[in-house]
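The values are calculated or read from the model by the stated rules, or taken from the named source; none is laboratory data. Keep in mind that this is a model prediction, so the values were computed, not measured. Reconstructed Cβ throughout: ideal geometry from the backbone, glycine too, with neighbour counts over all protein chains shown.
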Amino acid sequence: MTFGLIIENALQERDEVGEGQGRRSIPRYTLSQLLDPEFKLPMTDSEESAPLPMHVDGAFYDKVE
């Protein structure tokens, strides 16, 4: 389910190109890009500093100290 949400959200990202009346919105990523095993989505600064979740019996959780 997580994989599907990540892909769906990435497909919704759009970039504005052009100026004035020629300005339009284009998709940031294509499905073939997102499904390519070598492709990696960029991380934001807050994502890079966040601790990685721990894996336990098929579920993820964050350790609280």
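State yes or no: is residue 60 surrounded by 10 or more Cβ atoms within 10 Å (Cβ to Cβ) and modelled with pLDDT under 85? In short, yes. Counting only residues that are within 19 Å of residue 44 (Cα to Cα) and among the small types (Gly, Ala, Ser), region 1-33 holds 1 of them. A Cβ distance below 7 Å, combined with a sequence gap of six or more or placement on separate chains, defines the contacts here; from region 5-23, residues that are on the phi < 0 side of the Ramachandran plot reach residues that are of a type in the set (Phe, Trp, Tyr) in the pairs 10/29; 11/29; 13/29. Scoring residue 20 on the criteria (1) of a type outside the set (Asp, Glu); (2) within 18 Å of the chain's Cα centre (by Cα); (3) at pLDDT below 90 leaves a single failure, condition (2). With respect to the stated conditions, residue 32 fails to be touching an Asp or Glu at 6+ places or on another chain (Cβ under 9 Å), modelled with pLDDT of 90 or more and of a type in the set (S, T, N, Q). Take the conditions (1) in a strand (DSSP E or B); (2) surrounded by 10 or more Cβ atoms within 10 Å (Cβ to Cβ); (3) modelled with pLDDT of 90 or more; residue 26 misses just one of them, which is (2). In this structure, does residue 7 turn out to be surrounded by 10 or more Cβ atoms within 10 Å (Cβ to Cβ), of a type in the set (Val, Ile, Thr) and either outside any helix (DSSP H, G or I) or out of contact with any strand residue (DSSP E or B) (no Cβ under 9 Å at 6 or more places or on another chain) (or both)? So residue 7 fits the description; yes.
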